[in-house]
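Here is the structure we will look at, set down as structure tokens.
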Number of protein chains: 2
Amino acid sequence: MSEGRGVGVPGYDFGAQATAGSPLGLEDLDLLEQTLFFGAEDEEYVRLAGDVLGDQADEILDLWYGYVGSHPHLIRYFADSEGQPDTEYLGRVRERFKQWIFDTCKRPYDQEWLDYQQEIALRHTRAKKNQTDGAHETPEHIPLRYIIAFIYPITATIKSFLANKGHDPEEVEKMFQAWFKSVVLQVTLWSYPYAKEGDF
Amino acid sequence: MSEGRGVGVPGYDFGAQATAGSPLGLEDLDLLEQTLFFGAEDEEYVRLAGDVLGDQADEILDLWYGYVGSHPHLIRYFADSEGQPDTEYLGRVRERFKQWIFDTCKRPYDQEWLDYQQEIALRHTRAKKNQTDGAHETPEHIPLRYIIAFIYPITATIKSFLANKGHDPEEVEKMFQAWFKSVVLQVTLWSYPYAKEGDF
């Protein structure tokens, strides 16, 4: 993918010391991966998905942003108290969202990746939502309900993009399943800061 | 489906006054359904899924229980402190899980249904997990991480069952998408009691 290692992506701090550490370790991750049947074949196919999606990232983001933008109850999390969307904030998040596609497909799911999931998680919550982008006029958190509900659109919309590069249906299906598992895994991790103490 | 209205299903209290009321209303539900693209066509296809899955419910439960039973980190939520599974508890939950397939496919998603989602939600948590079945030796809650992660197995495993009754691939796909949306919707609702005040 052309996004490479995230150089120049605003607020993208993968691996930086200033980002959050995960409260979870590799054993927690392993048990979650077992729960999701995420195995070696998925690692292979999620990487292949990265090759397939790479030069389609802008079209994917157009679709996702069109979806958010057409729903007042979603775009409001990017808007000020008068309902005016913060275009700079939207633009900065969009670049990180593209980078997230790359990271989902190409990064190893190790402790550093787990740590960055916690950083992403906190950036949806009161702890960090608006700081990275200086978007202090927008709502201070995204409710957990929409974080979890997003599993559906972020998963279902990807399949046609996976089929765009001439892979046979069986390969497309394997890429899709790996993507689906990874999205559920990541949303699970992003729910951590929302949960009551001891309940995650 | 043969389960009909849940007569004789242990601990099944749909619509009963003693069950929880939902903190959410129909407007919340409508916004979640919009977020998931759950519409009239999905209502139709999830009902069709009910026709298709009805007489396969025992096989589906065999598969799901085999999955849970083969993972020590999952079966422990049905086991006592020495790791011995509580077979009575497993059996009672199994009957309700079958009923849940029926309810997912055949019940209208209205306030009464929303209220029962809250009851199901609480039965995963410290508030109510072991009361209904008298399973007081088993862990007092199921961590949120596994509630969310279950979206994958409960969704992915259903597709072959949907294809077992001779429907054409396009219909199977529509039933699958409706099921997928409904599972994400319900897991979203089940996360409510885990979330910190004001964060859901």
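The values are calculated or read from the model by the stated rules, or taken from the named source; none is laboratory data. Computed from a predicted structure; not experimentally measured. When we count neighbours, we look across all protein chains shown, and the Cβ atoms used for this are built from the backbone with ideal geometry, even at glycine. To get the accessible areas, we keep the full protein, side chains included, count just its heavy atoms, and leave off ligands, DNA and RNA. Shrake-Rupley method; radii C 1.70, N 1.55, O 1.52, S 1.80 Å.
List the number of the failed condition for residue B:76; all other conditions in (1) without any contact (Cβ under 8 Å) to a residue 24 or more places away in the chain; (2) within 13 Å of chain A (Cβ to nearest Cβ); (3) of a type in the set (D, E, K, R) hold.
(1)
What's the total number of residues in the stretch B:167-196 that are away from chain A (no Cβ under 11 Å), in a helix (DSSP H, G or I) and charged (D, E, K, R)?
Going through the stretch B:167-196 one residue at a time, the tally reaches 3.
Is it fair to say residue B:32 is touching a residue at least 24 places away in the same chain (Cβ under 8 Å) and either away from chain A (no Cβ under 14 Å) or within 15 Å of the chain's Cα centre (by Cα) (or both)?
Taking the combined requirement at face value, the residue does not satisfy it.
If you check residue B:22 against the conditions, is it hydroxyl-bearing (Ser, Thr, Tyr) and open to solvent by 30 Å² or more (accessible area, probe 1.4 Å)?
no
I'd like to know if the stretch A:80-93 contains one or more residues that are within 30 Å of residue B:143 (Cα to Cα) and either out of contact with any helix residue (DSSP H, G or I) (no Cβ under 9 Å at 6 or more places or on another chain) or touching a residue at least 60 places away in the same chain (Cβ under 8 Å) (or both).
No, the stretch A:80-93 has no match at all.
How do the pairs read when you match residues in the stretch A:134-153 that are farther than 24 Å from residue A:185 by Cα and more than 7 Å from chain B (Cβ to nearest Cβ) with residues anywhere that are acidic (Asp, Glu) and in a loop (DSSP other than H, G, I, E, B), using Cβ under 6 Å and keeping only pairs 6 or more apart or on different chains?
Listed pairs, sorted by first residue: A:135/A:86; A:137/A:80; A:138/A:86.
How many of the residues making up the stretch B:118-133 are within 18 Å of residue B:149 (Cα to Cα) and either within 14 Å of chain A (Cβ to nearest Cβ) or touching a His at 6+ places or on another chain (Cβ under 8 Å) (or both)?
Number of matching residues: 4.
Pull up the stretch B:35-48, narrow it to residues that are under 18 Å from the mean Cα position of the chain (by Cα) and surrounded by fewer than 20 Cβ atoms within 10 Å (Cβ to Cβ), then point me to the one that is nearest to the other protein chains (Cβ to nearest Cβ).
Out of the qualifying residues, it is B:43.
Looking at the stretch B:116-133, is at least one residue in a helix (DSSP H, G or I) and open to solvent by 50 Å² or more (accessible area, probe 1.4 Å)?
no
Of the residues A:51, A:62, which is surrounded by fewer than 17 Cβ atoms within 10 Å (Cβ to Cβ) and touching a Cys at 6+ places or on another chain (Cβ under 9 Å)?
So the residue among A:51, A:62 that is surrounded by fewer than 17 Cβ atoms within 10 Å (Cβ to Cβ) and touching a Cys at 6+ places or on another chain (Cβ under 9 Å) is A:51.
Can you give me the number of residues within the stretch B:134-166 that are touching a Leu at 6+ places or on another chain (Cβ under 8 Å) and either in a helix (DSSP H, G or I) or surrounded by 18 or more Cβ atoms within 10 Å (Cβ to Cβ) (or both)?
Number of matching residues: 8.
I'm trying to understand the selection: among the residues of the stretch B:171-194, which are free of Cβ contacts under 8 Å to residues at least 40 places away in the same chain and charged (D, E, K, R)?
B:173
Residues of the stretch B:65-99 being farther than 26 Å from residue B:163 by Cβ and open to solvent by 70 Å² or more (accessible area, probe 1.4 Å), which ones?
Across the stretch B:65-99, the qualifying residues are B:72, B:76, B:81, B:82, B:84, B:87, B:88.
At pLDDT 95 or above and touching a strand residue (DSSP E or B) at 6+ places or on another chain (Cβ under 8 Å): which single residue out of A:98, A:196 fits that description? Let's see the steps before the verdict.
Working: A:98 fails: touching a strand residue (DSSP E or B) at 6+ places or on another chain (Cβ under 8 Å).
Sole residue among the options that is at pLDDT 95 or above and touching a strand residue (DSSP E or B) at 6+ places or on another chain (Cβ under 8 Å): A:196.
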